[in-house]
Amino acid sequence: MTSVREIMKVVPRISVNSGVEEAQALLRTQHIDCLIVQDDSIVRGIVDHASLSGYPPTRLIADCPIRLWR
């Protein structure tokens, strides 16, 4: 059986300092619904297509609504 730890190692992540365009491209090319958002190595939450829509491609992920990680 695959552990959660093993699965989480391969889940795509993005930095809070990355742009919306990069996040949207990653969501599209990886065929996934959400990305884990990190600030250095600390997980801050997740973003999805809906939370990125309406933001210009040059905007940082930090400026978008990030669902908090609990």
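Any read-out appearing in this document is the output of simple, stated calculations on the displayed coordinates, not a laboratory observation. Because the structure is a prediction, the values reported are computed rather than measured. Neighbour counts run over all protein chains shown; Cβ positions are idealised from the backbone, glycine included.
Key figures for this structure:
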| read-out | value |
| --- | --- |
| R28 vs. criteria within 11 Å of I14 (Cβ to Cβ) and among the charged types (D, E, K, R) | no |
| Close pairs from the stretch 42-70: first under 20 Å from T29 (Cα atoms), partner of a type in the set (S, T, Y), Cβ under 8 Å, at least 6 apart | L60/S18; I61/S15; I61/S18 |
| Strands (runs of 3 or more DSSP E) within the stretch 6-70 that include 1 or more residues exposed (fewer than 13 other Cβ atoms within 10 Å of the Cβ) | 42-48 |
| First in the stretch 1-26 and closer than 23 Å to D63 by Cβ, second anywhere and of a type in the set (D, E, K, R), Cβ under 6 Å, 6 or more apart | V16/D39; V20/R59 |
